[in-house]
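Where a number appears in this text, it was derived from the coordinates with a stated rule and is not lab data. Keep in mind it's a predicted model, so treat the numbers as computed, not measured. Using ideal geometry, Cβ is built from the backbone for each residue, glycine included, and neighbour counts are taken over all protein chains shown.
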Amino acid sequence: MAVRIRLTRFGRKKKPFYRIIVADSESKRDGKFLDVIGTYDPLKDPALININNDKLQEWLGRGALPTITVKSLIKKTSTVSQ
């Protein structure tokens, strides 16, 4: 089972809000997930990014791979050097 750190969408039409989750790579975008490690709100100015550093470190230590988008969000918050 390959585990990925990725985004899942919430919010209504034209008003996106995302959770940063840990999920099996084969599950659907808004399907089952293992853990919620943060949120991302692109509509705020500047964009609001909240990541739980402890959970992020735990999942990266277990071998979870972030997607390209999540990797860029992590770099913007300067929480982990990838």
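Assorted remarks:
- Count of residues meeting criterion [touching a residue at least 24 places away in the same chain (Cβ under 8 Å), assigned to a strand (DSSP E or B) and within 16 Å of the chain's Cα centre (by Cα)] in segment 1-15: 6
- Selection of segment 53-70 for residues being over 10 Å from the mean Cα position of the chain (by Cα), surrounded by 12 or more Cβ atoms within 10 Å (Cβ to Cβ) and of a type outside the set (A, V, I, L, M, F, W, C) yields N53, K55, Q57, E58.
- Picking from residues in segment 16-31 that are in a strand (DSSP E or B) and free of Cβ contacts under 8 Å to residues at least 24 places away in the same chain, the one that is surrounded by the fewest Cβ atoms within 10 Å (Cβ to Cβ) is D24.
- The residues listed here are L7, L34, L43; of these, the one that is surrounded by fewer than 12 Cβ atoms within 10 Å (Cβ to Cβ) and either closer than 18 Å to E58 by Cβ or touching a Phe, Trp or Tyr at 6+ places or on another chain (Cβ under 9 Å) (or both) is L43.
- Pairs with Cβ under 7 Å, 6+ apart, first in segment 63-75 and in contact (Cβ under 8 Å) with a residue 60 or more places away in the chain and over 14 Å from T39 (Cα atoms), second charged (D, E, K, R) and assigned to a helix (DSSP H, G or I): none
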